[in-house]
Each structure stands twice: as C-alpha cells, then as structure tokens.
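Encoded as structure tokens, the structure appears first; notes follow it.
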Amino acid sequence: MPLRIINLFTLLVVILGGINWGLIGAFQFDVISLLFGRGAGRTNNPTLTAQVFYVLIGLCAAWQLIVLFRRLLVPRQRP
C-alpha cells in the first residue's frame with residue numbers, strides 16, 4: 001500500500017511538472033517561478049524553494065521511469 005501511494009504521488013507531480021513545461025513552452029508562463037519567485041535581481045535564477053521543487057519533479061520523473069520499465073520488463077502474475 002505505501003508503494004502505491006508513492007507511485008500515485010510521483011505520477012501526480014510528474015503530470016503537474018509536464019503541465020508547467022507546457023505552459024512555459026506555449027506562453028512563457030512558469031507556475032513554479034510565479035509561486036516561489038525567481039531570486040534576487042533581474043536574473044532568471046530560481047529561488048532555493050523553486051529549485052527544490054524542480055529537483056522534486058525530476059526525482060519523481062525518475063521514479064516513474066523505474067515504475068514504467070519494471071512494468072514493461074517484469075510481467076505481472078495473475079492470480
């Protein structure tokens with residue numbers, strides 16, 4: 001059960017990250033930067049909080065890749 005919760009959480013984060021990237025590509029609108037700022041000055045450097053969220057999205061994507069390849073390479077046993 002805990003693994004299923006982790007899988008659902010990481011999938012949700014990856015979907016939200018994908019939507020964010022879609023908004024960046026289509027409209028130059030970054031929701032993460034809007035919520036957590038771009039840092040000091042006129043640079044495009046994200047704040048530490050925004051960087052943490054970007055890393056979290058990347059880790060969740062890596063987790064989902066593991067889940068995907070595990071399902072592709074290891075067939076499920078049906079009861």
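Where a number appears in this text, it was derived from the coordinates with a stated rule and is not lab data. Please read all numbers here as calculations on a predicted model, not as lab measurements. With ideal geometry, Cβ positions are generated from the backbone for all residues, glycine too; neighbour counts draw on all protein chains shown.
Using DSSP to define loop residues, name the trypsin sites (Lys or Arg not before Pro) in segment 1-66 whose beta-carbon has at most 12 other beta-carbon atoms within 10 Å.
Arg42
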- Note on the structure: With 0.36 nm assigned to each residue of separation and the Cα-Cα distance removed, Ile5 to Leu56 gains 16.8 nm
- Query: Where does each of Thr47, Thr10 land when they are ranked from fewest to most other beta-carbon atoms within 10 angstrom?
  - Reply: Thr47, Thr10
- Rounded to the nearest 10 degrees, what's the angle between the helix 48-73 long axis and the longest principal axis of the chain, both from Cα atoms, 0 to 90? 20 degrees
- Top mean-square fluctuation among Val14, Val67, Val31, Gaussian network model of the chain, C-alpha springs under 10 Å? Val67
- Item | Mean Cα-pair separation over length for segment 2-73, i.e. relative contact order, pairs under 8 Å, 6 or more apart, % | 35 percent
- Task: Take the Cβ-Cβ distance between Leu12 and Gln77 as r, set R0 to 30 Å, and report the resulting FRET efficiency rounded to the nearest 0.05.
- Result: 0.65
